[in-house]
2 protein chains.
Amino acid sequence: MTVDNVKPTVGFIGLGIMGRPMAENLIRAGYPLIVYNRTPQKMEAVVKLGAKSTNHPAQVCDDSDIVITMLPDTPDVDQVYFGDHGIMNRVRAGQILIDMSTVSPRIARKIAEEAQAKGAESLDAPVSGGDIGAKEGTLSIMVGGSVHAFERAYPLFQVMGKNIVHIGPSGAGQVTKTCNQIVVAITIEAIGEALVLAEKSGVDPAKVRSALLGGFASSRILEIHGQRVLDRRFEPGFKMRLHRKDLNIALDTAQDMEVSTPLTALVHDMMNSLLAQGKGELDHSYLVAEIAKRANLAME
Amino acid sequence: MTVDNVKPTVGFIGLGIMGRPMAENLIRAGYPLIVYNRTPQKMEAVVKLGAKSTNHPAQVCDDSDIVITMLPDTPDVDQVYFGDHGIMNRVRAGQILIDMSTVSPRIARKIAEEAQAKGAESLDAPVSGGDIGAKEGTLSIMVGGSVHAFERAYPLFQVMGKNIVHIGPSGAGQVTKTCNQIVVAITIEAIGEALVLAEKSGVDPAKVRSALLGGFASSRILEIHGQRVLDRRFEPGFKMRLHRKDLNIALDTAQDMEVSTPLTALVHDMMNSLLAQGKGELDHSYLVAEIAKRANLAME
């Protein structure tokens, strides 16, 4: 074995429903792993597979060549990077910091600036594909940052994902993810208005779905969530409260960029109402059940 | 040739951009055709191919076994069926009346009731696929009415279309078409909000489109109209003013059925503004240019 083949040590912070299977895939691929998780018990499973646990993010940073973070929301990322025991206290020249959380493009750019000031590099690399994609190592990964950093991180991305695209400079990965979440949310609402109108008109929504799939109205959402709606299967999948969080990022970004996004705002607003009704843990396709409910049509 | 193989005489009313190529395909397939068009000059081309012209819709009805109408809007259909020289004055037992226009489900049901009262049958059979689909005989045809009438009309549909679906009772074809137009309009707006947000964020919208096509946000609209938007190609295609007409039908239907369709209403409203700006003859994907304009981003 030559020195070139020695795998870099990877620090991994955030072992939730997404992070844990991603970390496990890296261990299985032979990467030495150093992990941190706010709830320490969640480190046990990966420690059993050979990972080394730590007490705070800065410690992860000390002992690794590449640091990956996979956290629930923007404040968590802010804390882990910029908090008291945060990564930014210890980042060294030559390190790569990869944030794979779905957060605002703004914080991705902030991390990039700080990292650069310390001679390190960063990538924003949010994913789509859910916990199944994380387990199977088939996530789509949308990457922002320098080509140089992207190329260094590419072998790790290949362990975790399949459709890996370098989009542009820092923040571009998060912008792409936010675009994805906008399109998915609005398309769910689109098929909802259509299928509820069909059903209330006494027309079989299954036949409408089939007919529309043959033409210009066709989409993955109509295919997958259309079928979910017909079957009334609203267990997640992708939770409503997480999609609401992502639309909040979209609206923040739209505000920063001064873009009017009325349909995104409207779907976000509808999700607020669904969370108030205790539906946040259901699949985001439950939006369609809400449209049905507003039309006095039962869909549960 | 046995009697069973004698083709029925087809009356065809409405020889516009869609109707004329549909009528021509029927002539080429060997159907005797009797035609009427409000602007008589538009009958000349099909008369040269062997069609017989008439002076009013009732005359078409007198001499044909099956009557097809392909007209711009609900008032035109109302006039042709229920006006002074309208079809309903002469319809006979055993005839089939097929309205292939895109109009309200309400008028489809009204035609069905009147036809039934006179011992005739009717089908609502709106299409999608545009003038190219009409020329090539590859239209999608969404059919409402009895199975018996559908089976009788099926050989004619096969001449004009490819994806031919019997959806349900009278009106079901129009309901399906309106669902199609809802989904298409809202999906255009969805990709518009996303691609404009990307571009204003300094992220290449072509790369965002590619990344999104690989995942859950994928749709025919993102594929086809996404590319149109990147190329700034807004010649029709499907004209904005016709799509606005179709969303008007959708909103009327939503009112009849008491379904809240906020996104449909919002896109229809945006189309009103675009028609006021003289953009009605452009492709419906020009909606995206309007979103860009509202974000002070040039897209022409």
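Here are some notes:
- Value of relative contact order over chain A, rounded to a whole percent, pairs C-alpha under 8 Å and six or more apart: 13
- Closest approach of a chain A beta carbon to the axis mapping chain A onto chain B (residue, whole Å): A:S219, 2.
- When accessible surface is computed with a 1.4 Å probe, chains A and B are found to bury approximately 5000 Å² between them, both chains counted.
- Taking the centroid of alpha carbons for each part, the range B:106-147 and the range A:176-211 are 24 Å apart.
- Basic side chains Lys and Arg get +1 at the Cβ, acidic Asp and Glu get -1 at the Cβ, and with that the dipole of the range B:10-170 about its Cα centre reaches some 220 debye.
- Among A:V47, A:V175, A:V208, the residue with the largest mean-square fluctuation in a Gaussian network model of chain A, with springs joining Cα atoms closer than 10 Å, is A:V208.
- Kirkwood hydrodynamic radius over Cα pairs of chain A, then Stokes diffusion coefficient at 20 °C and 1.002 mPa s, in µm²/s: 105
- Relative to the Cα centre, the charge distribution of the protein assembly as shown, modelled as +1 at Lys and Arg Cβ and -1 at Asp and Glu Cβ, gives a dipole magnitude of about 600 debye.
- Around A:A112: net Lys/Arg minus Asp/Glu count, Cβ-Cβ under 10 Å: -3
- C-alpha long axis of helix A:105-117 to longest principal axis of chain A, angle in °: 10
- Amide H within-cut-off set for B:F12, under 5 Å, with H built and near neighbours excluded: B:I34, B:V35, B:Y36, B:I68
- Dipole check for the range A:176-294: with +1 at the C-beta of Lys and Arg, -1 at the C-beta of Asp and Glu, and the Cα centre as origin, the magnitude is about 360 Debye.
- Vicinal HN-Hα couplings computed from phi for the range A:284-300 (Karplus, 6.51 cos²θ - 1.76 cosθ + 1.60; Hz; Gly/Pro x): 4, 5, 5, 3, 5, 5, 5, 4, 4, 4, 5, 9, 6, 10, 6, 9, 10
- Accessible-area ranking of A:E189, A:E235, A:E113, largest first, probe 1.4 Å: A:E113, A:E235, A:E189
- Label-to-label distances for A:E223 across copies, nearest first, come out at 0.9 nm, using points 7 Å from Cα in the beta-carbon direction.
- Relative to one another, the C-alpha centroids of the range A:245-300 and the range A:1-70 are positioned 35 Å apart.
- In the protein assembly as shown, the inverse of the mean reciprocal separation of distinct Cα atoms equals 26.3 Å; this is its Kirkwood hydrodynamic radius.
- Plainly put, the tip 7 Å out from Cα toward Cβ on A:V6 is 9.4 nm from that tip on each other copy, the closest given first.
- Helix A:147-160 axis, angle to chain A major axis (alpha carbon atoms, nearest 10°): 70
- Nearest-first distances (nm) between copies at A:E235, label 7 Å from Cα via Cβ: 5.4
- Using a cutoff of 8 angstrom between alpha carbon atoms and counting only pairs six or more residues apart, the relative contact order for the range B:10-170 works out to 20 percent.
- Counting protein heavy atoms only, the range A:10-170 has 50 percent of its accessible area on carbon and sulfur, 1.4 angstrom probe.
- With the helix formula -39500 (n - 2.57) applied to DSSP H stretches of n ≥ 4, chain B reaches a computed 222 nm mean residue ellipticity of -16000 deg cm²/dmol.
- Couplings for the range A:227-239, taken from phi via the Karplus curve 6.51 cos²θ - 1.76 cosθ + 1.60 with θ = phi - 60°, read 5, 3, 5, 4, 8, 6, 9, 10, 5, x, x, 9, 6 Hz in order; Gly and Pro are left as x.
- Under-5 Å amide H pairs with A:I164, H placed in peptide plane, nonlocal only: A:I141
- The range A:176-294 - percent relative contact order, Cα under 8 Å, separation 6 or more: 39
- The mean number of partner chain beta-carbon atoms within 10 angstrom of a residue's beta-carbon across peptide B:66-76 is 0.
- Prolate/oblate/rounded label for the range B:17-165 (Cα gyration tensor, a/c 1.5): rounded
- Excluding ligands, DNA and RNA, the accessible surface per residue across the range B:10-170 is 41 Å² with a 1.4 Å probe.
- The mean count of C-beta atoms from other chains within 10 Å of the C-beta of residues in B:160-170, rounded to a whole number, is 3.
- In chain B, a dipole from Cβ-located charges (positive for Lys and Arg, negative for Asp and Glu) runs towards its positive end, and of B:G215, B:V259, B:C61 it is B:G215 whose Cα lies farthest in that direction.
- Overall size of the range A:94-230 from C-alpha positions, given as principal axis extents largest first: 64, 28, 23 Å.
- Take each residue in B:248-260, count the other chain C-beta atoms within 10 Å of its C-beta, and the mean is 4.
The values are calculated or read from the model by the stated rules, or taken from the named source; none is laboratory data. Treat the numbers as computed from the prediction; the structure is a model and nothing was measured. Reconstructed Cβ throughout: ideal geometry from the backbone, glycine too, with neighbour counts over all protein chains shown. Heads up: the accessible areas ignore ligands, DNA and RNA and are worked out on the full protein's heavy atoms, side chains in. Shrake-Rupley method; radii C 1.70, N 1.55, O 1.52, S 1.80 Å.
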